[in-house]
Every structure is written in C-alpha cells, then in structure tokens.
Amino acid sequence: MNSLDPNFSRQWSPGEPGAGDPRREASVTFRGPSDVADEQTLLDPANQSLADAIRITFRILQLGMVVLFGLYLLSGFQMVKEGEHGIRLLFGKIETGRLDPGFRFSWPYPFGELVKIKKGANEMRVDDSFWVDVPAGTPRDTSVDKLNAQFSLKPAEKSGSLLTADGSIAHTRVVATYRREEASQYAANVLPDQEEKLVREVVKRCIVVATAETSIDEFLKPSEKRESVAARARALAQQMLNDLKSGIQIDALSLDQPIAPLALKADFAKKETAVSNRGRAIDDANAAANQILSAAAGRAAPYLVTAINEYEAAVDAADTAKQAQALAKVDALLEGKPVEINGAVVEGLSEGGKVVQMLSEANTFRSQIKATRKQQLTLFDAKLQQFKANPLVMVNREWSDALARFYSKESVQMMFTPVGQGQLQLVLNADPDIVRELDRVRKRDEAEASQRERQRKQDEERFRTKTDLQTVPG
C-alpha cells in the first residue's frame, strides 16, 4: 500500500526503530485538488459581498466629501447689511476693499474671509482732560454758574486746562462725531478695541494745538472773520488720521461750554457786558444812520453814498471829469433814471425820502413861480396899455377893485350910518358869527398842521423799519 495513501497505517514491532511512543496526530493535513476547489467556491460570494460593501462605502464617502466641500464653499456667502462695508480677503490679503451691502461671496477660512465694518456715526467725548475739577457725582449737565471757583490747578486731581496764544488759561469739553469711511484702511491699521482711544488722543492733541494759536477772546467767542478753535482742531485731527491711514472720517467737532477760569468768571462777565454794550451801540448807530439815510433819500440812499464817495475821491484827486460824472450819477439817482453803480444798473429808486420830496417841491414851486410871474407880467403889460390910453379910468378901476377886495375879507365888518348924522358914537363888540368862523378856520389850520405832523412821523417810522440798507462799497 502506498505510504501516501491517507488510509495507510503502519504497525511498529517492539524494538523496531521508530517503535516505542505512540504516534502523535499530524499537524498538517494534505488535501487534494478537489478539496481546494470546493473551498474556493465557498469563499467567492463572501469576497464579492465584501468588495461591494467597500465600494459602496467609498462612494458614500466620496459623496459626503463632495457635499461637505459644497457646504464649505457655501459658507463663504455672507450678507453685508445696510450700514456696513465689506472687505474680501484672500490668503490674508485684501482682494476687494469695499463691498456694498448685499449677498457677497468670499473664500472661506482659512483661505479667505469676509470682514464687515460698520460705517455708522460714533460719538466720542472728552469730558475731563480740559475741564475743571468737579466733585465726584456731579451731573455732567451742571451749570457753570453752580461750580465753585478754584484758584489753583491740580492736574493730579483731574483739573485740566488749555493754554491760549496770549498765555491765558481756558477750560472746555469736547464732543466729536466720526465714522469709518475707508473700510480697507481701517481694517488694516486700526484695532477695533483701540479705535475710540485713537480718536480721543488725536482730538486732544489737536485741541491743544488749535487753542495755542488762538487768543482767549476768540476761544470764548469765535469771530466770523477767523476759523474757530473747533474747526481748526477738526482739520488738524482729520489730517493726522489721514496720515495714519486709519480710514476714519471726523464729521463734526465742537467745544462744549468753553469757559475761562472760574476764579475770573466775574471779570470776564464784565468784559462780555462791555463788549455787548459796544456791539449794541454800534448796531443802534448803524440803525440810526440807516434811518437817517432812508428818511433823506429812500431806497437810493446806499447808491447815493457810493456816488458821493466817488465825487469826494475825484475832488481829492482834482479830477474834474470824474467829478462831473459823479454829480451826474447823483442827479440821475434822485430823478430815478438808470445809473451804473459798481457794474450794476439801478433805476426807479427815487420814491420816498426828504431829499426827493424837497426836490419835487422845489420843482413844483419853480414852475408855479414861473407861471405866476409870467401871468403877472402879462397883466402888467395889459394894464400899462390901459393906463397909457386912459389913466383916470385905470386908476379908478384899480381903486375900486382894491377896496372890494378889502371889504371881502372875513375880518372886515361893514356898518352903515344915516346920512346927515352929525356925531356918531359906536359901542362895538365882536360879531359872534365872525368869531365862530375865525375859530373854525383856526381849528382847521391846526388840524391840517397836526395831520402833516402825523404824516411826517409815519414816514419816519416807515423808513426806520428799513434798517437793512447798507452802503454799497465804492
């Protein structure tokens, strides 16, 4: 029997090599080709199922990765609201510096980012740096009149101040309004938690500089002829912020309650009163001058002043031609004719004013006198011819006319006496009718005079209200 036969078993004789201990079980079992084929057939479905499961799992993983990548990309879409600026960053670098409000896309973190900057107005106050030392708990809106006067400065105790150009001390509070105008510069150079501090320090520095260039009078009451401390400080602060490329725009800067030292409050009040009285006196004088000019020349007053100034300048220069031109302008203005004054043509300004009224009355009187004298001359020539022809008749007629005019006067009373009366004694008293008539005439004249006076005052009042007339520069 073949030793390779699995059913083969050999018996060992005692003493034979190899005989002795019983044979242990074989650790390896050999199978034939048919057994291997059967096992392979059993394993193929399992391997196929495992491969299919792995393939499906991988597909699901791929789909999940695609979905996650899509969600990752979608996370880059963000809404920029109204009142905000958007900045698109890519690898930390600004790709788009200013995005308008709306739905915007930016590469998601860590590749990119969409930074949103609010552009609304912000208010910043400087209350203590330049203000007097006030007790703790004092309301901010406490009136200056209720603060106690201090005769020394104590910076360590929050006693702030400013120095003016004339060496005076002043106090004030500052209110500034700013906004983030250039979002890209702001995002690149300003830390959000340091923003207000930056603006505060810049404003404080510029207030100090602007005050040092201004006197105490202009600090307390800005002049229209010169830039105020607030305006100067705002310009300096804006320039400094621009130099820092902060992207911040200061919209407004104002001084809140600028005051002098409280210890000198009474002295400055007296000075302000004197200045106010001076201004009021100047205004009253200008009003009186305008009233007088208006009453004298009406609406033509400012132009007449200009023409008169031209005439006086021509007199000083001994220029007779310009003198004649200036006088011609004066006459034309009084007559309401077109006149060129400082390049502008004016006309029809002759109504109103005493000068125009006097000129009108003078012209009327001249015409009346001329007509009267002409009429008298004509009558005299006629009577002269009559006298030459018949002197006696001429004289009698003139005498009769003169006597008739005398008798026709209201103050003349006629009494007739009997013929042949030798001696006549008369006891006379005033005629009541004549007295009443004379009283009526007197009252009428007084009423007319009163009416004229009221009219004159009304004219003056009318001219007084027109205080906006100013002298036209020559």
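Which whole-Hz ³J(HN,Hα) couplings does segment 286-297 yield from phi under the Karplus relation 6.51 cos²θ - 1.76 cosθ + 1.60, θ = phi - 60°, glycine and proline marked x?
So the J values, rounded to whole Hz, are 5, 5, 5, 5, 5, 5, 5, 5, 5, 5, 7, 10.
Return the Rg/Rh ratio of segment 320-436 with Cα-based radii and a Kirkwood Rh.
Ratio of gyration radius to Kirkwood radius for segment 320-436: 1.33.
Find how much the distance from residue 423 to residue 68 grows on full extension, using 0.36 nm per residue of separation minus their present alpha carbon separation; answer in nm with one decimal.
Gain in length upon complete extension: 112.4 nm.
For residue 235 and residue 322 in one chain, what is 0.36 nm times their gap in residues minus the Cα-Cα distance, to one decimal in nm?
Difference between extended and current length: 26.5 nm.
So how do 72, 303, 311 line up by other beta-carbon neighbours within 10 Å, fewest first?
Ordered from fewest to most neighbouring Cβ atoms within 10 Å, 72, 303, 311 come out as 72, 311, 303.
In terms of modelled amide H atoms, which long-range or inter-chain residues lie less than 5 Å from the amide H of residue 251?
Under 5 Å from the amide H of residue 251 lie the amide H atoms of 177, 178, 179, each far enough along the sequence or on another chain.
Once R0 is set to 30 Å, what does the formula 1/(1 + (r/R0)^6) return for the Cβ-Cβ distance between residue 118 and residue 256, expressed as a FRET efficiency to the nearest 0.05?
Here the calculated transfer efficiency is 0.75.
Counting just the Cα atoms, what span does segment 255-317 cover along each of its three principal axes? Round to the nearest Å and put the largest first.
56, 30, 22
Tell me, what HN-Hα J-couplings in whole Hz come from the Karplus equation 6.51 cos²θ - 1.76 cosθ + 1.60 at θ = phi - 60° for each residue of segment 200-213, using x for Gly and Pro?
Result, ordered by residue: 4, 5, 5, 5, 4, 4, 6, 5, 4, 5, 5, 5, 5, 9 Hz.
Work out, step by step, the length gained on full extension between residue 382 and residue 200: first 0.36 nm times the residue separation, then minus their alpha carbon distance; give nm to one decimal.
Extending this stretch completely gives an extra 55.2 nm.
What FRET efficiency do you get for residue 337 and residue 224 if R0 is 41 Å and r is their Cβ-Cβ distance, rounded to the nearest 0.05?
Calculated transfer efficiency: 0.65.
FYI, it's all coordinate maths here, none of it is from the lab. None of these values were measured; they are calculated from a predicted model. Glycine also receives a Cβ, built like all others from the backbone with ideal geometry; neighbour counts cover every protein chain displayed.
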